[in-house]
Amino acid sequence: MRWNKTALTTFVTCALAASTSFTASAVTTLKLSHNQDRNHPVHKSMQYMADEVKELTDGEVRIRIYPNGQLGTQRESMELLQNGALDIAKSNASEMEAFEPAYGAFNIPYIFRDRDHYYRVMQGEVGEKILESSHDKGFVGLTYYDAGARSFYASKAINSPADLSGMKIRVQPSPTAVEMIKLMGGSPTPLSYGELYTAMQQGVVDGAENNPTALTTARHGEVAKVFSQDEHTMIPDVLVISSKVWDKLPQDQQEALKKAAKDSMMYHKDLWTKMTNEAIEKAKDGMGVKFVTVEKQPFVDAVKPMHDAALNNPAIADYVRGIDALAVQ
Ligand code: GCU
């Protein structure tokens, strides 16, 4: 079923507000929306967080997770969150850029040297400042979840930017992602994640880009048989809570939520490695997807102007400098 935005907002407000309660009982139930399947590592990590929150608060704070975009797309979830109609959402820093420009710093291609650099940023002061930056926009970041490196997948190999010429590539709704595909020579098509399988199947787009778990958990490996590992971005998922909800929670519950969120980020780290490896094996052996190693330098060169431009963009320059400063430990 497809929902228009007003119907969706009304549905979620009526159906869910009834179970949110700060005063009538000692138990506060927070609704969390996300767009991945139950088998996706991030769902499991958020379940881990929910269990820890319940334990730390002696059952006073509970989190109910709604997966598979049941409550709407990531964009719709952010809008519901800003209205206070939804409590918590897991989105991705790419999509978040439209709601808080600070997240754009994560979206610059090849900004991270490696996974350790990526974690130093997510766990350090820069990452924390970005999470805190959006309180007056209606939401507060709780933590990040590793979402691996994003690469192209399509029915043919993308060995160099020249191979993208004439190809419609689905991107997340993010100005930085659009710019990246343009500079590489492809034609960017922003779509929500839930629409992508059908768009690839019907040829509305010629390819997409994501980490390998998309091939299995969202079954994209059924409709795209070549995964070309250029690893252009490392864009974390982000867990955010409505400012209205956050401000109403007593300090001890805020602390419990923050602790559980941080702990689940570390739980997720190992789970991510394990489940990504499993996804690659399953995509290769069970779905016939071919993984191609590509020379990254031509991709790096094509998008280099983006890093330079970011250093001159007052909205994100400080964050980008902070990320660059952590490149070498
Ligand atoms: C990743 C991310 C999702 C996002 C998706 C996308 O899978 O975890 O939150 O929606 O990319 O490409 O849209």
Restricting region 157-170 to residues that are in contact with a strand residue (DSSP E or B) (Cβ under 6 Å, 6 or more places away or on another chain) and touching a residue at least 60 places away in the same chain (Cβ under 8 Å), the one nearest to the ligand (Cβ to nearest atom) turns out to be I158
Based on this model, can you work out whether L80 counts as assigned to a helix (DSSP H, G or I), more than 12 Å from L239 (Cβ to Cβ) and either acidic (D, E) or in contact with a Ser or Thr (Cβ under 7 Å, 6 or more places away or on another chain) (or both)? yes
For E209, which of the numbered conditions (1) under 21 Å from F112 (Cβ atoms); (2) surrounded by fewer than 19 Cβ atoms within 10 Å (Cβ to Cβ); (3) in contact with a Lys or Arg (Cβ under 8 Å, 6 or more places away or on another chain) fails to hold? (2)
Residue count, region 73-100, condition more than 15 Å from the chain's Cα centre (by Cα) and not charged (D, E, K, R), comes to 7
Failed item in (1) free of Cβ contacts under 8 Å to residues at least 24 places away in the same chain; (2) away from the ligand (no atom under 16 Å from the Cβ); (3) not assigned by the TED database to the domain that holds N68, with I181 passing the rest: (2)
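Each row is one residue, and each column tells you yes or no for (1) at pLDDT 95 or above; (2) in the same structural domain as D37 (by the TED database); (3) not small (G, A, S).
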{"position": "G221", "(1), (2), (3)": "yes, no, no"}
{"position": "A256", "(1), (2), (3)": "yes, yes, no"}
{"position": "P314", "(1), (2), (3)": "yes, no, yes"}
{"position": "R321", "(1), (2), (3)": "yes, no, yes"}
Take K269 and tell me if it is within 26 Å of P41 (Cβ to Cβ), of a type in the set (K, R) and either in the same structural domain as V61 (by the TED database) or modelled with pLDDT under 95 (or both). yes
Would it be correct to say that E128 is at pLDDT 95 or above, over 23 Å from K259 (Cα atoms) and within 17 Å of the chain's Cα centre (by Cα)? no
Conditions (1) touching a strand residue (DSSP E or B) at 6+ places or on another chain (Cβ under 9 Å); (2) more than 16 Å from the ligand (Cβ to nearest atom): number failed by E55: (1)
Residue that is surrounded by the fewest Cβ atoms within 10 Å (Cβ to Cβ), among those in region 190-202 that are in contact with a strand residue (DSSP E or B) (Cβ under 9 Å, 6 or more places away or on another chain) and not acidic (D, E): P190
Per the filter on region 114-153, residues crowded, with 16+ Cβ neighbours inside 10 Å, in a loop (DSSP other than H, G, I, E, B) and out of contact with any helix residue (DSSP H, G or I) (no Cβ under 7 Å at 6 or more places or on another chain) are S134, A147, A149
Only residues that are surrounded by fewer than 19 Cβ atoms within 10 Å (Cβ to Cβ) and more than 18 Å from the chain's Cα centre (by Cα): list them for region 169-182, please. K182
Among the listed residues A162, A157, identify the single one that is in a helix (DSSP H, G or I) and not assigned by the TED database to the domain that holds S242. A162
Within region 38-90, restricting attention to residues that are surrounded by fewer than 21 Cβ atoms within 10 Å (Cβ to Cβ) and of a type in the set (A, V, I, L, M, F, W, C), which residue is farthest from W272 (Cα to Cα)? L56
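The values are calculated or read from the model by the stated rules, or taken from the named source; none is laboratory data. Values in this document were obtained by computation on a predicted structure and should not be read as measured data. FYI the Cβ positions are ideal-geometry reconstructions off the backbone, even for glycines, and counts take in every protein chain you see.
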